[in-house]
Each structure stands twice: as structure tokens, then as C-alpha cells.
Amino acid sequence: MSEQSSRQQQSNESVNLFSETFNQNPYPTFRILRGHDPVYQTLMPDGHIAWIVTRYEDAVSVLKDGRFIKDYAKLRDEQEQKTSHDHSSALAENMLFSDPPDHKRLRSLVQQAFTPKMIERYRGRIEEITNELLDNAEAKGRMELVGDFSFPLPIIVICELLGIPKEDRNQFRTWSNALVEANNNPEHANENMQPYVEAFVTYLQQLTAERRKDPQDDLVSQLIHAEDEGDRLTEKELYGVISLLIIAGHETTVNLITNGVLALLQHPDQMEQLKNQPDLIHGALNEFLRYEGPVEFSTDRWANETVELQGKTIERGDHVLVALDSADHDPEHFDDPDVFDIKRESNSKHLAFGKGVHFCLGAPLADLEGEIAITTLLRRMPDLQLDTEPEKLQWRPGMLMRGLKELPVAF
Ligand code: HEM
């Protein structure tokens, strides 16, 4: 064994991406990996091997490299033995699991609805929803920020945007949680997901049938219209895109708002600056996303051919995950990366929204929701404080998302 690989082995002994210690604070492990084994091979809970990419430059190159594909079905026949991953469910025909040229067709239909200009139209409504949630919390006299504020806000917004009736929203919480948890736990993914997928598909069939008969001014009606007009979306693709938007709208922005507020509570000087100068919010949002990114690891990628990276040979069919939260703490790219600084200059280069063709479609919406949520919260509750011992805060389990279970605050 060479001196380098023996050093690598020693440092890797302290690396366990599935431990509670890692879940509570992944950054020391990411530091070890970036320094000693930046393209790291790990055994996933279902027994297959995945490569974990932790340095910024490598993360960018993998996310932009067409040799790493999203559609595992292309490899399935020859790779059946390598992993039990299967995205062939009724909800998986969407842009995030497809590659060019299909990807472009699936994305361009929805893209038009998510430009910053289109999204800006929702500003007034997002402000209203934000204020209503804060009114309710004030009336109660206390607030658990996740459940009372940062979780419901993006759900209400995405459901209104799509045209999902108010009375149906609660069901989505269960479905969307189940789908994300299943993704986090591939060992049981397919068996656990099935009842939820079936319930979700039945719901979407009914909803789209209603909108087809009686179109409304909402995104579901627009997508159906696009499908009817140009035959550009199949029925399955229609369900795939709606469910992707619902899941993305449920599970990500909640972490931007919660992680951002936590960072401010832990850095009162920065909170003071933002309260005094609310126009610092745009830089602050980039720093929230960089410092404690809501999506810890990218979604799955598969090598479509053999690729050499940092001296490692990634074989065709191998599973690759990019550690976005590690890349955003790479000192080669961000000076003093563990320092939280809302005025940091280079922070717009963060990878929290990904990179390349799959760059987050919902980024303008997430930014607008984050901006309104945090500026309104600080304006209305200037004495905001953590209402628990910091060591009692618990992070949700799983690799994909990085978010707190609860954040009790006093105001
Ligand atoms: C702060 C909030 C958000 C974060 C941090 C975030 C992060 C990401 C990331 C990292 C990706 C790329 C994943 C990969 O390449 O493996 C992505 C893709 C995507 N996001 Fe977001 N997202 C957020 C909010 C949203 C919202 C609100 C929506 C829409 C309602 C949305 C819709 C999407 C879609 C549709 C894709 C797939 C794009 C494609 O494959 O072309 N996201 N997001």
C-alpha cells in the first residue's frame, strides 16, 4: 500500500456518512474528505457503492459533465446487479430524472412560468400569506418556526400556483414527506413508496380530469393545455412534473428559511446588520444558501462511461453524489468558509441550487419566498430569540436535505 493510500485509509476510518454525528454536523467530515479523499467511495445503506464528490471544482465539473446521466433506465439492463435503485415509478418521468434532449422538452414547458418576472407577480400574495402566518403565531404567543412558519409558507404558495384546492393540501404533506424519506432510504424505497405513489397518482388523475373539463388560471391548467395542444407531455410526464414541483416546493425552501433564521440567531451581530439594513437581504440569502445549504447532496447521477476523477476510476454504471454543502465550504473557493458573513462577496457562486442543465428551476421563487419571509419576520419580531438550548436542536435524518426538525423561537 502506498504512503498516500495508507494516509487516506487512516483518515477515512473516521468517516461515516450515515452516523448521527455526521447528521448533526457534517462539516468536520467534509473537511477530512476534501483534504484526504475528495472522490470518496462509500457503501450505501442498501449495500451498493457510491462515489461522493466533495471539492468545489470537482462538484462543478461533475454537475456539468454529460457523461454523468440522470436516467438510470438507460443503464438498467446491463447494471441490474449493481444497485436496486429504480426511478421507474409513475411519478419519475420528470426533468430531474431525464437527460438532454428529453430534459429540455420537459423543462421548457414549465420554465416560462418560473422566470423572475413571472414569479414577481406573486410578491403581494406571498406577503399576505407571510403576514397571516405571523398573525397566527402572535395570537398564540409562541412559535415553533418550522411548523408555524417556514414549512407552511412554501406549501401554500406552490399549491396556489398549481391550483391545488386548499382542502387537499394536508394530504400532500404526508405524500411528499414519504417520497423524500423513501429517497433517503433506498433500501426500502420501492416497497414503502408504492401506496403513496398510488394515492398521489389517483389524486392527480382526478385533479387533471377536473381542470381539463373546467380550466382555471393556474399552472396545472396551463400544463394540460400544453399537453393537449402540441402533444408535448404524456400523461405520465404531466404527473411527473406536477409531483416534482410539489415535492420541490415542500422540502427545500423550508430549509432556506429555517437554516437562515438559525444562522442569524447564532450570529446576533449579523442579525442586527440585516435588521438595520434590510436591503442587505439579497447577499444574505446567498450566504444562508452557502453556509447551511438546504440540499446537502445532489440527486443521483450515474456514469455513462468510465471517468477518471482525482485519481479514481469511476466505472460505467457507478452511482455518483455531489456533496453540495461540502463544495460550498471548500476553502479553495471561499475564504474562511465556516465564517457566516452576510456581506461576503463571492457567495453568489454557491452551489445550493446546483449547476448545469439541472440548475434549480424554482430558484427565483425560493429567493422571493426567502426574501419576504425573513425580512418580514425581522421587521415584525425584532426581538426574535432561540427558545431552547442550542444543543437540543435536531437535524432531520437523511442525506438529501439539510433541515432542522424544529426551531422554537421567542419573540
Ligand atoms: C431554497 C430552495 C431550493 C433549493 C436549495 C433547491 C435546490 C435545487 C437543486 C440543488 C437542484 C438540482 C439537483 C441536482 O442537480 O441533482 C434543484 C432542481 C430543481 N428544483 Fe429546486 N431548490 C429549491 C427550491 C425549489 C422550488 C421552490 C421549486 C419549485 C417549486 C424547485 C424546483 C426544482 C426543479 C423542477 C428542479 C429540477 C430542474 C431540472 O432537472 O432541470 N426548487 N433544486
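When all alpha carbon pairs of segment 283-328 are counted in 10 Å bins from zero, the resulting P(r) reads 26, 38, 24, 12, 0 %. Evaluated at q = 0.06, 0.11, 0.13 Å⁻¹, the base-10 log of the normalised Debye intensity for the chain, with identical point scatterers placed on the Cα atoms, takes the values -0.24, -0.85, -1.20. A full extension of the chain between residue 125 and residue 385 corresponds to an added length of 90.9 nm, given 0.36 nm per residue minus the alpha carbon distance. One chain, two ends: residue 345 and residue 313. Fully extended at 0.36 nm per residue, the span grows by 7.9 nm beyond their Cα-Cα distance.
In sequence order, segment 311-316 has phi-based couplings of x, 9, 9, 8, 7, 3 Hz under the Karplus curve 6.51 cos²θ - 1.76 cosθ + 1.60, θ = phi - 60°, and Gly or Pro positions carry x.
Taking every alpha-carbon pair under 8 Å whose residues sit at least 6 apart, the chain reaches a relative contact order of 25 percent.
If the limit is 20 Å between Cα atoms, which of 64/312; 70/405; 70/104 go over it?
Flagged as over cut-off: 70/405.
Equivalent ellipsoid semi-axes for segment 224-323, as square roots of 5 times the alpha carbon gyration tensor eigenvalues: give them largest first, rounded to whole Å.
Working: eigenvalues 252, 137, 23 Å².
Sorted largest first and rounded, they come to 36, 26, 11 Å.
In terms of the ratio Rg/(2.2 N^0.38 Å) built on C-alpha atoms, what value belongs to segment 269-393?
Working: Rg = 17.8 Å, N = 125, 2.2 N^0.38 = 13.8 Å.
Ratio of Rg to 2.2 N^0.38 Å for segment 269-393: 1.29.
Placing a pseudo-label 7 Å from each Cα along the Cα-to-Cβ vector at residue 117 and residue 170 gives an inter-label distance of 4.1 nm.
Partner aspartates and glutamates whose Cα lies under 17 Å from the Cα of residue 213, excluding those fewer than 8 positions away in the same chain, are identified as 227, 228, 229, 235. Over the chain, dividing the summed -39,500 (n - 2.57) contributions of all DSSP H runs of at least 4 residues by the number of residues returns a 222 nm mean residue ellipticity of -16000 deg cm²/dmol.
For the pair residue 177 and residue 218, a Förster radius of 25 Å applied to the C-beta separation gives a FRET efficiency near 0.60, rounded to the nearest 0.05. Membrane-span-like helices in the chain, defined here as complete DSSP H runs extending at least 18 Å along the helix axis by their C-alpha atoms with mean Kyte-Doolittle hydropathy no lower than 1.0, are 253-266; this is a sequence and geometry rule, not a statement about a membrane.
Packing around the peptides 259-271, 39-51, 294-306, taken as the average count of other Cβ atoms within 10 Å per residue, puts them in this order, highest first: 294-306, 259-271, 39-51.
Bear in mind that the values in this text are calculations on the coordinates, not laboratory data. Please read all numbers here as calculations on a predicted model, not as lab measurements. Reconstructed Cβ throughout: ideal geometry from the backbone, glycine too, with neighbour counts over all protein chains shown.
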